[in-house]
Structure formats: structure tokens, C-alpha cells
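Remarks on the structure that follows.
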Amino acid sequence: MKYLFTIAFILTAFISNAQIEFENPTYGNFKFDNLERKSSWVMVFNIDSTITAEDIKSYFTKNLIFKFENDSKTELIGELVKSKIEPSKYGYSSWNAPMIFENPILGNVIVEIKTGRYRVTIKNIRYINNGISDIILKPLSNNLPSSKGNEEYLDGSVTFEDIGYVKTRSKKVFLILDSYFTEISRYKILKKANDDF
């Protein structure tokens, strides 16, 4: 009887751990599509109902956050303006931040607009490799090509398993990107300074 109880206890512990293992990770506003094996960042923002698509497009374009390729009142399609992220703004020092942040970040952007809110989707998130990984690879062989200038996709740090769950190798990257994307995607109304000085 004691033997059966021990086996039941071990099986229960194993099954409960296995269930936790097979769930997709949640890193802020990142979504993982197991079928297409892609990751994307999606967030909905509430705004004043008087703000139009033109206002949103103008704000993101003038502040060099997104550049849009179309003029629609309901959906703006474009790209992130190439920029480097400062991990120190998000609680990481430069020596313990992932190497991805040594490079400019790129991505495709869709901004869907409804009265009083808008949704930002950033997908095909990638960075331009500055060749820092060559430091590790070049001593192995001088014949290896340089990775400098290559676009590396964030999906490469995600493993999409056939049984329907996702594993990532760098939680830190997703957490920093989530904070960064949240900050830059928020429409901010700039208050005009008072003329009385």
C-alpha cells in the first residue's frame, strides 16, 4: 500500500509539472502563434474619442517611432523606425543585457483605429546584426562568413514545438521589448507651454 501511494504521488507530481511545461509563456503583450511559428507584440490603448487616425499617424511619424506606407482612417501599415534600445531604462545594465540590444531593432507595424482606442501590432521583429557574434565564431575558422549586416529574426530565439507549446531561450529579451514597445506605442498628448514665463 505504501508502495502504491509513493507511485501515485510521483505520478501526480510529474503530471502537474508536465502541464506547466506545456503552456505557452506569457511575456507581457507578446503572442505566440504555434501554427505559423511566429511571435508578435499586440496591445490596445485607450485614447480620447476626438483623436483621429491623422493625429495618430502624425504623432508617430513626427516622433520618428513608426513610418507608415498608407493613409487609412481605420488601419495604418508601416514599420518601426530603426532604433537602438537602452536596456538601462528597463532595469538592466549594459553588461548583463542580451547582445541583441547592441543592434537596431526593426519590425512591421499595424495600427488599427476605432473611436476611443487603437491597437498596435508589431510583428516580424528583427535586428541588424552588428557582427558581435563573429568574435565567438571567427576563432573556430577564418572561412566562416561574417554575420555583420544580417537581419536576425526574434522568432529565432523561440522554439515552436510540434505538440503545441513554445519555449524561449531569452525571457529577458521579451520583457525588455515589451516595456520598450509599450512605451513607444503610447500616444502622448503634448501640452503647449504657457506663454507667461
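Quick notes on this structure:
- Enumeration of residues in the range 61-75 that are exposed (fewer than 13 other Cβ atoms within 10 Å of the Cβ) and assigned to a helix (DSSP H, G or I): 62
- Within the range 110-130, the set of residues being in contact with an Asp or Glu (Cβ under 6 Å, 6 or more places away or on another chain) and modelled with pLDDT of 95 or more comprises 112, 119.
- Qualifying residue in the range 44-56 (condition: at pLDDT 85 or above, out of contact with any helix residue (DSSP H, G or I) (no Cβ under 7 Å at 6 or more places or on another chain), under 28 Å from residue 173 (Cβ atoms) and charged (D, E, K, R)): no
- None of 73, 62, 82 is among the basic types (Lys, Arg) and in contact with a helix residue (DSSP H, G or I) (Cβ under 9 Å, 6 or more places away or on another chain) except 73.
- Residue in the range 78-104 that is modelled with the lowest pLDDT, counting only those that are in a strand (DSSP E or B) and of a type outside the set (D, E, K, R): 83
- Long-range neighbours under 9 Å by Cβ, at least six apart or interchain, first residue within 18 Å of residue 176 (Cβ to Cβ) and outside any strand (DSSP E or B) within the range 105-134, second modelled with pLDDT of 90 or more and of a type in the set (Lys, Arg): none
- The lone exception for residue 45 - which of (1) over 20 Å from residue 182 (Cβ atoms); (2) in contact with a Lys or Arg (Cβ under 7 Å, 6 or more places away or on another chain) it fails: (1)
- Condition met for residue 80 (in contact (Cβ under 8 Å) with a residue 12 or more places away in the chain and surrounded by fewer than 19 Cβ atoms within 10 Å (Cβ to Cβ)): no
- Being touching a residue at least 12 places away in the same chain (Cβ under 8 Å) and within 24 Å of residue 56 (Cβ to Cβ) is a property that residue 102 lacks.
- For residue 58, the requirement of being free of Cβ contacts under 8 Å to residues at least 40 places away in the same chain, more than 21 Å from residue 178 (Cα to Cα) and not in a loop (DSSP other than H, G, I, E, B) is met.
- Taken over the range 28-55, the criterion of being of a type in the set (D, E, K, R), part of a loop (DSSP other than H, G, I, E, B) and in contact with a strand residue (DSSP E or B) (Cβ under 7 Å, 6 or more places away or on another chain) is satisfied by 37 alone.
- Long-range neighbours under 9 Å by Cβ, at least six apart or interchain, first residue among the charged types (D, E, K, R) within the range 24-52, second in a loop (DSSP other than H, G, I, E, B) and at pLDDT below 85: 31/24; 48/189
The values are calculated or read from the model by the stated rules, or taken from the named source; none is laboratory data. As the structure is a computational prediction, the values presented were derived from the model and not from experiment. Note: ideal-geometry Cβ built from the backbone for every residue, glycine included; neighbour counts use all protein chains shown.
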